[in-house]
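This report refers to the structure that appears directly beneath it.
The values are calculated or read from the model by the stated rules, or taken from the named source; none is laboratory data. Keep in mind the model is a prediction, meaning the values are calculated, not measured. Quick note on the areas: whole protein, heavy atoms, side chains included, nothing else; ligands and nucleic acids left out. Shrake-Rupley method; radii C 1.70, N 1.55, O 1.52, S 1.80 Å.
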Amino acid sequence: MNRSTDTVLDLPPVRDAPPSIPAGITTWWGESTRMWWALVPSRYGPRLVEAPSADALAVTVDWYLRRSAI
């Protein structure tokens with residue numbers, strides 16, 4: 001059944017909080033590029049990553065850190 005009485009309306013979407021970026025990671029906002037940047041350590045030296053938002057950068061940094069631990 002797809003009746004409006006069976007559905008909860010006007011609730012914000014449930015999202016997981018983005019991971020926090022560790023204190024040793026350098027991050028910054030690029031005024032010219034309008035992107036967030038970070039230097040992430042890896043086995044082969046620091047990696048420069050970018051993202052369109054601070055939350056997206058946190059997810060990207062977390063992904064690279066988990067990948068380097070494998």
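Determine how many Å³ per residue the convex hull of the Cα atoms of segment 26-69 encloses.
Considering the Cα atoms of segment 26-69, their hull volume per residue is 56 Å³.
Which order do 32, 53 take when ranked by solvent-accessible area (1.4 Å probe, heavy atoms of all protein chains), largest first? List each step's numbers first, then the result.
Details: 32 120, 53 45 Å².
Descending order: 32, 53.
Given a 1.4 Å probe and the protein chains all in place, what does the accessible area of residue 39 round to, in Å² to the nearest 10?
My reading of the accessible area for residue 39 is about 70 Å².
With contacts defined as alpha carbon pairs under 8 Å and 6 or more residues apart, what's the relative contact order of segment 27-70 in percent? Don't jump to the answer; show the numbers that get you there.
On the way: 55 pairs, mean separation 13.2, N = 44.
Computed over segment 27-70, the figure is 30 percent.
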